[in-house]
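> Following this message is one structure expressed as C-alpha cells.
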Amino acid sequence: MTVAPSGPEFSIQDIPFSYRGSWLNISPVVAEKTYADDLHLVSHQTGLHPVLRLAPEVPGATVVATPALLSWRAGPGRIDAVYDGPDTLRIRGRRLGLRVTAAASTLTPFSGTYLYLDPVDGAHVFTSYETGRRYRITVLAGALRRAGGVEALGTADRFLDLAGDQPWEIAIEEYATARRPYTASATFDRLCHDRGGEFGAFVDAVAPWRGPDTPSAELAAYVLWSATVGPAGFVTRPAVLMSKHWMDKVWSWDHCFNAIALAAGDPELAWHQFHLPFDHQDEAGALPDSVTHSEVLHNYVKPPIHGWALRHLRRRLPQPPDRAALAQTYDRLSRWTGFWLDARRAPGHDLPHYQHGNDSGWDNATTFDGDRGLETADLAAFLVSQLTCLADLATELGEPAARWSREADRIRTAMLRDLWDGERFTARSPHTGRRRTSRSLLDLMPVALGADLPTRVSDALARSIGAHLTTHGLATEPTDSAHYVADGYWRGPIWAPSTVLVEDGLRRAGHTGIADDISRRFLALCEKSGFAENFDAETGAGLRDRAYTWTASSYLILAAAQEERRVSGG
C-alpha cells in the first residue's frame, strides 16, 4: 500500500470525506451537532442518515483524510477508503480489521436497517428505511470472519467483521433495488490516482491564482467539490449543498455565492447553481426557501440578491450565456422580482416587506426584535439592484426596460425618504408605520448598492460599519451591544455572505481602505478557523456546521479578487 496523498489534509471532525456527485460521505457527524465516536457512512438521500458504522478492531485509530483517500492507522495496521464513482466506496485493510455495523440497531415496520445474504451473488446487503436504499457489501479480497444479525428482526447487532490477520478489500454500493454483481473495473491504487487527478483539475480550474498568500484555497475548493451532488429527487441539476453535515440543502440565497466562486473555473456548474432554486419557482414567482433531495420548502423565502449575484456571475464567466439562456434568466428574474412588487407591498406602500426574519436570511437579527413583519432597507436595496439588472437585461434582449428603471427609482427614493435617519437606516412596520432602529449590521446592508447611493449616505454607512469590525471581521451585532451573543447566529457572529456584500459595496463606493481591511481579516479568519457556518466575532472560533460551502466560496471570491489586485497593482 504505497498510495501517496493528493490534496490537503483535513480534519474529518470538521469536513466530511466525500466525492463530487455523491450523496454519500464518511464522517462522525450523525445528526445536527451530534458526533459519534466512530466514523459512519452517511447518506443524504431523504435527509442526513447515518447508515453504517465503520469501526476498526483497534480502538483509537488515527484518521487521516485527503480529498482522494481516507485512512485509519493503528501501529503497523492501516485501513484505506476511496470512492469508485458517486455511489460506491472501496475499502481495504492490512494488519487492521474492520467491523461494519448497521447504525440503527432496531428494525421496525417503518424504520431501521435489515441485513440479508443475497443468494444471487453471495454479497451481504443492508437495507435502510430512512434512505430507502440498499447498501451491498462485496468482498473483493480476503474473507469475512463473521456476519451477525443476518435476517434478524427487532433489536439486534447487524454487522460484518473483516479480520486484520489477512489483507482484505470490500466494495460498498448504494443503490435502489437491484444491480449487476460488483466487479472491480480498476485497482484501488488507480482509483486513488484518478480521484486525486479529478480534484487537482478542479482546484486548478477554480483557483488557478492560488499561492503562498492564499494557503486555504485548496481546502476551500475541496469543501465545494466534495459537497456537490448529482441530480436526484427534487434536486434537478448538479448542486452544491451548503454542507454534507446537517445543513444538507440549497437555500435560495446561499447558492448565489457558490455560483460566483465557480463561475470562472467551472461555468456550467456555476450556471446550474444560480438556476436550481428557480426550477421550483411557484406560480406567484417566489423562490422556495430551500431545496434538497426529498423536500422543497415554501414557508419562507430568501432575500432577492439575485440581480446583484447575476452581475458578478456574468462578469466571471469565460463565455457569455447565449440568447436563449439569457431570455430564460430574464423571465425567471422578472417573475421573482414581481413577487416582491405584487405580493409583498401593502396597499399604498412603495416599499416591500419581509414577513419574518427568516425571509431576510438573517433569521434572528435584532432588527426583528420588535415587529417581525418589516419594511427594511436591505430588502429595498437588493430590489433596486435587481431592478437595475433587469433593465440592463431587457435592453440587451430588446425588451422594454423603462418599467424596471422607474420601479428602481421609486424604491430607492422611498428607501431614502422613509427609512434613512441621517446616520443609518431604520425599519418600518407595514401595519402601523412605526419605525425602529437596531444595531444590527443588517440595517447597514444598503451599502451593497455601492456608488448607486448618495455619497453622504455611503460615507455614513462606511463609518457605522467600522463599529462592527473586530480583529476577525464584521460582527453582525456589535460586541458592545446589550443584545450581542457570541454564538447567537445573526446576533453577533461573523458570516461570509454579509462580509462579501459589504466588502463589494464599499469597494464600488470608493471606500477601498476599509474594504481591503474587511477582506484581509476574513481571509485570515478562514485560514485560522476553516470554513464554518459562522464565527465567534471576538475569538474567531468556528461555530455551528464546520464545512459550509458559502464560507468556502466567499474565501475563494475574496482571495481571487485580492490576487487580481496584487497582479494589476490595483
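The values are calculated or read from the model by the stated rules, or taken from the named source; none is laboratory data. Predicted model only: the values in this text are computed from it and were never measured. All Cβ positions, even for glycine, are placed from backbone atoms using ideal geometry, and neighbour counts span all protein chains on display. Remember, those area values only see protein heavy atoms, side chains included, never the ligands or the DNA or RNA. Shrake-Rupley method; radii C 1.70, N 1.55, O 1.52, S 1.80 Å.
> Can you spot a residue in region 361-382 that is open to solvent by less than 50 Å² (accessible area, probe 1.4 Å) and either outside the structural domain of Pro446 (by the TED database) or at positive phi (or both)?
Scanning region 361-382, I find at least one residue that is open to solvent by less than 50 Å² (accessible area, probe 1.4 Å) and either outside the structural domain of Pro446 (by the TED database) or at positive phi (or both), so the answer is yes.
> Report, by residue number, each residue of region 343-354 that is out of contact with any Ser or Thr (no Cβ under 7 Å at 6 or more places or on another chain) and either surrounded by 15 or more Cβ atoms within 10 Å (Cβ to Cβ) or in contact (Cβ under 8 Å) with a residue 40 or more places away in the chain (or both).
Ala343, Arg344, Arg345, Ala346, His349, Asp350, Leu351, Pro352, His353
> Then there is this: Among the strands (runs of 3 or more DSSP E) lying completely within region 33-110, list those that include at least 1 residues that are in contact with a Lys or Arg (Cβ under 9 Å, 6 or more places away or on another chain) and of a type in the set (A, V, I, L, M, F, W, C).
In region 33-110, 34-43, 49-56, 62-65, 70-74, 77-83, 98-102 are the strands (runs of 3 or more DSSP E) which contain 1 or more residues that are in contact with a Lys or Arg (Cβ under 9 Å, 6 or more places away or on another chain) and of a type in the set (A, V, I, L, M, F, W, C).
> Okay, moving on. Report yes if Arg456 is over 27 Å from Ala524 (Cα atoms), free of Cβ contacts under 8 Å to residues at least 60 places away in the same chain and not in a loop (DSSP other than H, G, I, E, B), otherwise no.
Yes; evaluated as a whole, the condition is true for this residue.
Yes/no per residue for (1) open to solvent by 10 Å² or more (accessible area, probe 1.4 Å); (2) under 22 Å from Gly230 (Cα atoms); (3) over 17 Å from the mean Cα position of the chain (by Cα):
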{"site": "Ser11", "(1), (2), (3)": "yes, no, yes"}
{"site": "Ser18", "(1), (2), (3)": "no, yes, no"}
{"site": "Ala36", "(1), (2), (3)": "yes, no, yes"}
{"site": "Leu54", "(1), (2), (3)": "no, no, yes"}
{"site": "Pro59", "(1), (2), (3)": "yes, no, yes"}
{"site": "Thr66", "(1), (2), (3)": "no, yes, yes"}
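> Just give me the residues in region 448-470 being under 21 Å from Phe535 (Cβ atoms) and either touching a Gly at 6+ places or on another chain (Cβ under 8 Å) or not assigned by the TED database to the domain that holds Arg412 (or both), in sequence order.
Ala448
> Then there is this: In region 476-489, which residue that is among the small types (Gly, Ala, Ser) and within 17 Å of Phe368 (Cα to Cα) is nearest to the chain's Cα centre (by Cα)?
Per the criteria, the residue is Gly488.
> Also: Of all the residues that make up region 316-327, how many are open to solvent by 80 Å² or more (accessible area, probe 1.4 Å) and touching a residue at least 24 places away in the same chain (Cβ under 8 Å)? If you could, list the steps in order and put the result at the bottom.
Looking only at region 316-327, we keep the residues that are open to solvent by 80 Å² or more (accessible area, probe 1.4 Å), and these are 319-320, 322-323.
Those still in the list that are touching a residue at least 24 places away in the same chain (Cβ under 8 Å) too: 319, 323.
Going through region 316-327 one residue at a time, the tally reaches 2.
> Here's another thing I want to ask about it. Can you tell me how many residues within region 401-428 are in contact with a helix residue (DSSP H, G or I) (Cβ under 6 Å, 6 or more places away or on another chain) and open to solvent by 10 Å² or more (accessible area, probe 1.4 Å)?
From region 401-428, those in contact with a helix residue (DSSP H, G or I) (Cβ under 6 Å, 6 or more places away or on another chain) are 401, 404-405, 407-408, 411-412, 415, 419, 423-425, 427; that's our starting set.
Narrowing further to those that are open to solvent by 10 Å² or more (accessible area, probe 1.4 Å): 401, 404-405, 407, 412, 423-424.
Qualifying residue count for the region: 7.
Residues are listed down the side, and each one gets a yes or a no for (1) touching a Ser or Thr at 6+ places or on another chain (Cβ under 8 Å); (2) at pLDDT 95 or above; (3) open to solvent by 10 Å² or more (accessible area, probe 1.4 Å):
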{"position": "Ala239", "(1), (2), (3)": "yes, yes, no"}
{"position": "Met242", "(1), (2), (3)": "yes, yes, no"}
{"position": "Trp253", "(1), (2), (3)": "no, yes, no"}
{"position": "Ile260", "(1), (2), (3)": "yes, yes, no"}
{"position": "Asp266", "(1), (2), (3)": "no, yes, yes"}
{"position": "Trp271", "(1), (2), (3)": "no, yes, yes"}
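> Of these, Ala462, Ala482, which one is outside any helix (DSSP H, G or I) and either of a type outside the set (Phe, Trp, Tyr) or open to solvent by 10 Å² or more (accessible area, probe 1.4 Å) (or both)?
Result: Ala482 is the single residue among Ala462, Ala482 that is outside any helix (DSSP H, G or I) and either of a type outside the set (Phe, Trp, Tyr) or open to solvent by 10 Å² or more (accessible area, probe 1.4 Å) (or both).
> Here are the criteria: (1) touching a His at 6+ places or on another chain (Cβ under 8 Å); (2) under 30 Å from Trp550 (Cα atoms); (3) open to solvent by less than 20 Å² (accessible area, probe 1.4 Å). Tell me which single one Leu160 does not satisfy.
(2)
> Taking the criterion of being in a strand (DSSP E or B) and crowded, with 19+ Cβ neighbours inside 10 Å, would at least one residue in region 430-450 satisfy it? Quick ask: steps written out before the conclusion?
If we filter region 430-450 for residues that are in a strand (DSSP E or B), which is where we start, we get 435-436.
Restricting the remaining residues to those that are crowded, with 19+ Cβ neighbours inside 10 Å gives none.
For region 430-450, residues in a strand (DSSP E or B) and crowded, with 19+ Cβ neighbours inside 10 Å: absent.
> Then there's this: Restricting attention to region 465-479, which residues are in a loop (DSSP other than H, G, I, E, B), touching a residue at least 12 places away in the same chain (Cβ under 8 Å) and closer than 20 Å to Thr426 by Cβ? Talk me through it step by step, then tell me what you get.
Within region 465-479, the first condition is being in a loop (DSSP other than H, G, I, E, B), and the residues that meet it are 467-468, 470-473, 476-479.
With the extra rule that they be touching a residue at least 12 places away in the same chain (Cβ under 8 Å), the set shrinks to 468, 470-473, 476-479.
Correct list: His468, Thr476, Glu477, Pro478.
> Is there any pair with a first residue in region 489-502 that is touching a residue at least 60 places away in the same chain (Cβ under 8 Å) and a second that is among the charged types (D, E, K, R) and open to solvent by less than 10 Å² (accessible area, probe 1.4 Å) whose Cβ atoms are under 7 Å apart and which are 6 or more apart or on different chains, and what are they?
Cβ pairs passing all conditions: Arg491/Glu477.
> Still on this model: Only residues that are under 26 Å from Leu374 (Cβ atoms), acidic (Asp, Glu) and crowded, with 16+ Cβ neighbours inside 10 Å: list them for region 276-315, please.
Residue satisfying the conditions is Asp289 alone.
> Can you tell me how many residues within region 128-162 are over 15 Å from Thr101 (Cα atoms), free of Cβ contacts under 8 Å to residues at least 60 places away in the same chain and of a type in the set (Ser, Thr, Tyr)?
Result for region 128-162: 1.
> Could you grab me the full set of residues in region 200-230 that are without any contact (Cβ under 8 Å) to a residue 12 or more places away in the chain and either within 28 Å of Ile91 (Cβ to Cβ) or surrounded by 17 or more Cβ atoms within 10 Å (Cβ to Cβ) (or both)?
Ala201
> Condition test on Asp266, is it touching a strand residue (DSSP E or B) at 6+ places or on another chain (Cβ under 7 Å) and in contact (Cβ under 8 Å) with a residue 60 or more places away in the chain?
It is false that Asp266 is touching a strand residue (DSSP E or B) at 6+ places or on another chain (Cβ under 7 Å) and in contact (Cβ under 8 Å) with a residue 60 or more places away in the chain.
> So is Arg158 farther than 30 Å from Glu268 by Cβ and touching an Asp or Glu at 6+ places or on another chain (Cβ under 7 Å) or not?
Criteria not met by Arg158.
> Of all residues being in contact with a Gly (Cβ under 7 Å, 6 or more places away or on another chain) and open to solvent by 50 Å² or more (accessible area, probe 1.4 Å) in region 95-119, which is nearest to Pro167 (Cα to Cα)? Just the residue, please.
Once the filter is applied, the top-ranked residue is Arg95.
> On to the next question. Restricting to region 163-185, count the residues that are exposed (fewer than 14 other Cβ atoms within 10 Å of the Cβ), aliphatic (A, V, I, L, M) and in contact (Cβ under 8 Å) with a residue 40 or more places away in the chain.
1
> May I ask you to say which residue of Gly233, Gly197 is open to solvent by 40 Å² or more (accessible area, probe 1.4 Å) and on the phi > 0 side of the Ramachandran plot? Give the derivation first.
Details: Gly197 fails: on the phi > 0 side of the Ramachandran plot.
Answer to the check: Gly233.
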